[in-house]
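The structure appears right after this line, and notes come after that.
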Amino acid sequence: MPVIFEGIKIDCGYRIDLLIEDKLILELKSIKAFEEIHLAQVLTYLKLSNLKLGLLINFNVPWLKDGIKRVANGM
């Protein structure tokens with residue numbers, strides 16, 4: 001995802017895992033537990049892309065429903 005600041009494109013290497021219908025960001029992980037840095041990463045992607053909703057999904061859990069975290073930007 002390119003970052004555009006004051007009309008200047010900055011190639012800083014942000015890589016969204018999945019962008020669905022230009023409305024939802026999915027960030028996929030396989031970690032023991034969510035940490036603040038993971039939530040901050042999704043929130044940064046949301047702010048830079050002017051999107052409202054993201055999902056942080058951790059596949060390293062016994063039940064997938066326990067590994068889904070909803071992240072909202074300004075909602």
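The values are calculated or read from the model by the stated rules, or taken from the named source; none is laboratory data. It should be emphasised that the depicted structure is a prediction, and the values quoted were computed from it without experimental measurement. No Cβ is skipped: glycine too gets one built from the backbone with ideal geometry, and neighbour counts run over all protein chains shown.
Residue check: residue 61 meets all listed conditions (1) of a type in the set (Val, Ile, Thr); (2) at pLDDT 95 or above; (3) not in a loop (DSSP other than H, G, I, E, B) but one, namely (3). Among the residues of the range 21-33, the ones that are over 15 Å from residue 72 (Cα atoms) and either surrounded by 13 or more Cβ atoms within 10 Å (Cβ to Cβ) or of a type outside the set (Asp, Glu) (or both) come to 6 in all.
The residues in the range 34-67 that are farther than 15 Å from residue 15 by Cα, touching a residue at least 12 places away in the same chain (Cβ under 8 Å) and surrounded by fewer than 13 Cβ atoms within 10 Å (Cβ to Cβ) can be counted, and the count is 2.
Per-residue answers, yes or no, for (1) in contact with a Lys or Arg (Cβ under 9 Å, 6 or more places away or on another chain); (2) over 14 Å from residue 17 (Cβ atoms):
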{"residue": "29", "(1), (2)": "no, no"}
{"residue": "36", "(1), (2)": "no, yes"}
{"residue": "40", "(1), (2)": "no, yes"}
{"residue": "44", "(1), (2)": "no, no"}
{"residue": "48", "(1), (2)": "no, yes"}
{"residue": "53", "(1), (2)": "yes, yes"}
{"residue": "56", "(1), (2)": "yes, no"}
{"residue": "62", "(1), (2)": "no, yes"}
{"residue": "70", "(1), (2)": "no, yes"}
